[in-house]
Amino acid sequence: MPIKQNAKKALRQNKKRAEQNLVYKLAYKEAVKAVKKTAALGKDAKEMLRLAQKKMDKAAKVGVIKKNTAGRKLSRLTKMTKRVAK
């Protein structure tokens, strides 16, 4: 347990930020799962893909994942949905 006042505050901030990061992380992961599930069923996942992109971009903006990671994941997801749609 921290003793100094600034260490106590830092701990509070870290907990709060970790909680918020988890919200963004789970949101984009759920969106990706939804796209994959829809694509696996052979349905059009265009709208789901757009929502997944939105969630990934937001996660990258707030720093949960890096910008290039979000781009890479989205690229692979798009490629996968196009391949399944054929």
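The values are calculated or read from the model by the stated rules, or taken from the named source; none is laboratory data. Here the structure is a predicted model, which is why all the values come from computation and not from measurement. Cβ: placed from backbone, ideal geometry, glycine included. Neighbour counts: every protein chain shown.
Scanning the stretch 30-60 for residues being touching a residue at least 24 places away in the same chain (Cβ under 8 Å), hydrophobic (A, V, I, L, M, F, W, C) and exposed (fewer than 13 other Cβ atoms within 10 Å of the Cβ) gives a total of 1.
Looking for something of a type outside the set (Lys, Arg), in a helix (DSSP H, G or I) and modelled with pLDDT under 95 - is there at least one such residue anywhere in the stretch 27-39? Yes - at least one qualifying residue is present in the stretch 27-39.
In the stretch 1-22, the residues that are without any contact (Cβ under 8 Å) to a residue 12 or more places away in the chain form Cβ pairs under 6 Å with partners that are surrounded by 11 or more Cβ atoms within 10 Å (Cβ to Cβ) and part of a helix (DSSP H, G or I), at six or more places apart or across chains, as follows: PRO2/LYS8; PRO2/LEU11.
ILE65 meets each of the listed conditions (1) in a helix (DSSP H, G or I); (2) within 13 Å of the chain's Cα centre (by Cα) apart from (1). The set of residues from the stretch 45-62 being touching a Ser or Thr at 6+ places or on another chain (Cβ under 8 Å) and either outside any helix (DSSP H, G or I) or of a type in the set (Val, Ile, Thr) (or both) comprises just one member, ALA45.
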